[in-house]
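The structure appears right after this line, and notes come after that.
The values are calculated or read from the model by the stated rules, or taken from the named source; none is laboratory data. Computed from a prediction, not measured in an experiment: that's the story for all the values here. Reconstructed Cβ throughout: ideal geometry from the backbone, glycine too, with neighbour counts over all protein chains shown. The area values use the complete protein model at the heavy-atom level, side chains included, leaving out ligands, DNA and RNA. Shrake-Rupley method; radii C 1.70, N 1.55, O 1.52, S 1.80 Å.
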Amino acid sequence: MKIAITGHTSGLGLSLYDHFSKNNEVIGMSRSNGYDLAKDQQSIIDVASKCDIFFNNAYYQVSQAQLISKLYNVIPVITSGSIASDLDTSKNSYFLNKKIIETTHKSLSNKTLIPILLLKMGLLENYKCKNSISYLEIIDSIEFWLLHPRITLIEFDNIFS
C-alpha cells in the first residue's frame with residue numbers, strides 16, 4: 001500500500017509515519033522537505049492522488065478542509081480533526097478552522113463511495129496529561145477503520161471528563 005502523510009516529522013504524524021513505514025511505502029510531506037500547506041497545496045494533492053491512502057494530518061488554517069474537498073472523491077482520506085470544533089468558535093481561529101474541517105468532512109462523506117475518516121481528537125500524548133490519548137490508540141483505531149471503512153468518524157473525547 002502506498003500512503004501519503006502530511007506533518008510527518010513530529011507528533012501524531014511521525015507516529016503514523018513510523019508505524020505504517022514498516023509494511024508500506026510511505027511518503028512524508030512537511031515543510032522540512034518542501035511541502036508547505038501555506039504555499040503549495042497542489043504539490044501535496046499531486047502526490048496524494050497517486051497513493052492508496054492520504055493522512056491529512058498537518059494543520060494550517062483551512063488547508064485541511066481544502067484538501068478534503070479536493071481529494072475526497074479520489075482516494076481514501078483520513079483527517080486529523082479536534083474536539084475543539086465543539087467549543088465556541090467565535091473566540092479562537094483554531095477552533096473555527098477545526099469546525100470548518102468537521103463541517104466539510106460531514107458534508108462530503110455521504111457524497112462519495114470512497115471512504116473518508118475524521119479523527120476527532122482531544123488532548124494527545126504530547127500534552128502529558130492524565131487522560132491524554134496515546135498515538136497507539138489512534139493508530140489502532142485507524143487499523144480498525146482500514147478493515148471497516150464504512151465508519152466516517154472516530155471521536156476521542158478526553159477534555160471534558
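Tabulated data for the structure shown
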{"item": "Count of residues meeting criterion [closer than 19 Å to residue 66 by Cα and of a type in the set (D, E, K, R)] in segment 1-51", "result": "6"}
{"item": "Segments classed as helices (runs of 4 or more DSSP H), wholly inside segment 1-95, with at least 1 members that are within 17 Å of residue 139 (Cα to Cα) and open to solvent by 20 Å² or more (accessible area, probe 1.4 Å)", "result": "11-21"}
{"item": "Qualifying positions in segment 137-159 - out of contact with any strand residue (DSSP E or B) (no Cβ under 9 Å at 6 or more places or on another chain) and without any contact (Cβ under 8 Å) to a residue 24 or more places away in the chain", "result": "140, 143, 147, 148"}
{"item": "Members of segment 103-113 that are of a type outside the set (S, T, N, Q) and either over 14 Å from the mean Cα position of the chain (by Cα) or open to solvent by 10 Å² or more (accessible area, probe 1.4 Å) (or both)", "result": "106, 108, 111, 113"}
{"item": "Filtered residues of segment 125-156 (kept if in contact with a helix residue (DSSP H, G or I) (Cβ under 6 Å, 6 or more places away or on another chain) and either among the hydroxyl-bearing types (Ser, Thr, Tyr) or within 21 Å of residue 114 (Cβ to Cβ) (or both))", "result": "132, 134, 135, 151, 152, 154"}
